[in-house]
Structure formats: structure tokens, C-alpha cells
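Quick notes on the structure that follows.
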Amino acid sequence: MKPSGKRSFCRPVILAMALLAGPVSAFNLDSDIPIKVSADSARLDDSAGTAVYTGAVELIQGETRLEADRVVLYRNQQGVSRIEAAGNPAHYRQPGQEGEGMTDAKALNITWSGDENLVIFERQAVIEQGGNVFRGDVIHYDTVRRVVTAEGDTSSEGGSGRVEMVIQPRNSAQSSDGKGSDGSSQGQ
């Protein structure tokens, strides 16, 4: 009996959860650390609650960093609620947590929604952490439930239509504290 496409799709997504179990929490609006923005130009519209930054844009909060050609910040009563970044590619970096390596992600479009607790990497998305690599055309990461879903590019313009992953073996990347490259303390 041939496995269904859904079963083949679910297996990589479950493995992706191990890869991304906590690294892409994005900007922390509950933090006392401000988000600093620099760009070549900016347009602020208080009535619409938007700020549009263009030209070598950098958003930095602590060690979390987003670089893009264009960034739009949306504000609500609580502060920044959504960040949309576009670049060739847009680049997102965040330090690891609890023994995890640095998260290094890029895509042509990166959207962070604080209201939905969701980070979306679209078009040529690649996320790397501790030697693990995850590629797809669209990658959604629910930062609260810690669930990753991904889609391959099925357009006629290219792409294999598949999600690709490289997961390093836990026992080959043991650190001095006995934890593997994914931060876990168990062997495979």
C-alpha cells in the first residue's frame, strides 16, 4: 500500500518541530528592551497606525535582528502588533535559547504577527539552526503552540514543490554540557 501524500507531508513537519522548538519567537513586546529601527527613509502615519521604512532597514531588539529592503510596522493600542518585511532576501537572526544554536532565517517576505503569535516566511524561505536546515516556499511558525507548517513551491516557475530538511544527528554534535545540537539531552 502506497503512503498517502498527507502522511509524507506530516513526517517532515513533525521533524521541523524538533528543529524549531522555540527559536523563532520573534520580537518580544513584553520586554523592557526597545525595538530600534534605522533606515534610509521613513514615513509615519499616526492616523493609520503605520510606519514604513525603506532602504537598508534594520530592526534590533537586544540580540534579535531583522534586515530588509522595506519594513512596515503596524501599531495598535498595545504597541507594535505586526511587522512585514520584504527583501532580496529579508534576513532574521535570533540568539538561541537553552543550548540551541543561533537561528538564522531568510525569505523574500517575513511577516510577524503579535496578535496571532505567528511568524510567516514566504518565498525562498530557509531557516538554519545548529547545522539543521529547513527549506520551503512558505513556512508558518506558531510561537505559542510551537507548531511549524510548511509548503513547497508548486508554481510552474520553479521549485520542487517539496519541503526540504537537513537534521543533524544528536550524538555527532554533543557539546561539553552533554546536550546535542538541538539542545536536547537524549540520544536518538
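The values are calculated or read from the model by the stated rules, or taken from the named source; none is laboratory data. Fair warning: this is a prediction, and the values are worked out from it, not measured in the lab. Neighbour counts run over all protein chains shown; Cβ positions are idealised from the backbone, glycine included.
Some notes on this structure:
- Lone unmet requirement of (1) at pLDDT below 90; (2) at negative phi; (3) surrounded by 18 or more Cβ atoms within 10 Å (Cβ to Cβ) for residue 116: (3)
- Matching residues, the range 42-57, being among the charged types (D, E, K, R) and surrounded by 15 or more Cβ atoms within 10 Å (Cβ to Cβ): none
- Residues (farther than 16 Å from residue 65 by Cα, within 13 Å of the chain's Cα centre (by Cα) and surrounded by 18 or more Cβ atoms within 10 Å (Cβ to Cβ)) located in the range 121-135: 122, 125, 134, 135
- If you go through the range 136-188 and keep only what is among the aliphatic types (A, V, I, L, M), surrounded by 17 or more Cβ atoms within 10 Å (Cβ to Cβ) and either modelled with pLDDT under 75 or part of a loop (DSSP other than H, G, I, E, B) (or both), you end up with 163, 167.
- Residue 55 being outside any strand (DSSP E or B), in contact with a strand residue (DSSP E or B) (Cβ under 7 Å, 6 or more places away or on another chain) and not β-branched (Val, Ile, Thr): no
- Annotation: of all residues in the range 60-104 being among the small types (Gly, Ala, Ser) and within 13 Å of the chain's Cα centre (by Cα), the one that is nearest to residue 118 (Cα to Cα) is 85.
So that you can scan it fast, the table gives a plain yes or no per residue for (1) in contact with a Gly (Cβ under 9 Å, 6 or more places away or on another chain); (2) modelled with pLDDT of 90 or more; (3) within 29 Å of residue 151 (Cα to Cα); (4) not hydroxyl-bearing (Ser, Thr, Tyr):
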| position | (1), (2), (3), (4) |
| --- | --- |
| 17 | no, no, yes, yes |
| 26 | yes, no, yes, yes |
| 41 | yes, yes, no, no |
| 65 | no, yes, yes, yes |
